[in-house]
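S.K.: Mind having a look at this structure? Questions to follow.
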Amino acid sequence: SQKIEQNSEALNIQEGKTATLTCNYTNYSPAYLQWYRQDPGRGPVFLLLIRENEKEKRKERLKVTFDTTLKQSLFHITASQPADSATYLCALSLRGYQKVTFGIGTKLQVIP
Amino acid sequence: DTAVSQTPKYLVTQMGNDKSIKCEQNLGHDTMYWYKQDSKKFLKIMFSYNNKELIINETVPNRFSPKSPDKAHLNLHINSLELGDSAVYFCASSPRQATSGNTIYFGEGSWLTVV
């Protein structure tokens, strides 16, 4: 079965720096990889989607990369702010399948 | 105007009871889901419905029974509640277009505590 690995340990960074979160997967290469943000006590919120034939996607201060050779996606937040503190979930889906599988998430803490 | 709404938000109940969680989405999506997030924060799919038809049924005890009266609603009924059922249950929806990737829109969650 598909396995997603995210660093479950919290990531602490200084405000203004770039935060980089890692998502590794095993077995089949996903058709799509998504990143979600989850705040305490709230449901996950979609941020970005990247397809298997795309190397990079950007949205404002967010950037996602997708390396199918390394079986890895990196999620970057540039000029990080305390308001970016949350848990970030990686999710992937295989071609033709409705099922989206989530990683356990990485908790990001941006320190003022 | 909430996109995916679920009720109740908090539910405390005794072992052995039967309870239901209701969910409605006003996004016009064809697909709806129930996810469970346990104490370790792992988000795991339970069920998925597309236009009232069950398409994903993970290995969930048959005490859990989803019901979709129409494509905008997906309710979750749980019989004979057990301590291990304590978790946050998220309802969600997504557009049908699998070729575009199933971006998922989540509700705010229902916190179930079984005592």
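S.K.: Count, please, the residues in the stretch B:13-57 that happen to be hydrophobic (A, V, I, L, M, F, W, C) and either modelled with pLDDT under 90 or under 17 Å from residue B:82 (Cα atoms) (or both).
M.R.: Result for the stretch B:13-57: 7.
S.K.: Moving on. Looking for something at pLDDT 95 or above and charged (D, E, K, R) - is there at least one such residue anywhere in the stretch A:81-90?
M.R.: yes
S.K.: Right, another one. Give the residue that is farthest from residue A:3 (Cα to Cα), with candidates limited to residues of the stretch B:28-47 that are surrounded by 14 or more Cβ atoms within 10 Å (Cβ to Cβ) and out of contact with any strand residue (DSSP E or B) (no Cβ under 6 Å at 6 or more places or on another chain).
M.R.: B:41
S.K.: Would you please list the contacts, defined by Cβ atoms under 8 Å and residues six or more apart or on different chains, that run from a residue in the stretch B:54-80 that is among the aromatic types (Phe, Trp, Tyr) to a residue that is in a strand (DSSP E or B)?
M.R.: Sorted first by the residue in the stretch B:54-80, then by its partner, the pairs are B:64/B:46; B:64/B:47; B:64/B:76; B:64/B:77; B:64/B:78.
S.K.: Find the residue count for the stretch B:80-100, including only residues that are away from chain A (no Cβ under 14 Å) and surrounded by 14 or more Cβ atoms within 10 Å (Cβ to Cβ).
M.R.: Qualifying residue count, the stretch B:80-100: 3.
S.K.: Give the residues of the stretch B:53-78 that are part of a loop (DSSP other than H, G, I, E, B) and either surrounded by 15 or more Cβ atoms within 10 Å (Cβ to Cβ) or of a type in the set (Ser, Thr, Tyr) (or both), sorted by residue number.
M.R.: Residues satisfying the conditions are B:59, B:60, B:71, B:72.
S.K.: Please pick out the residue among B:60, B:115 that is away from chain A (no Cβ under 11 Å) and more than 15 Å from the chain's Cα centre (by Cα).
M.R.: B:115
The values are calculated or read from the model by the stated rules, or taken from the named source; none is laboratory data. None of the values given here were measured: they were computed from a predicted structure. When we count neighbours, we look across all protein chains shown, and the Cβ atoms used for this are built from the backbone with ideal geometry, even at glycine.
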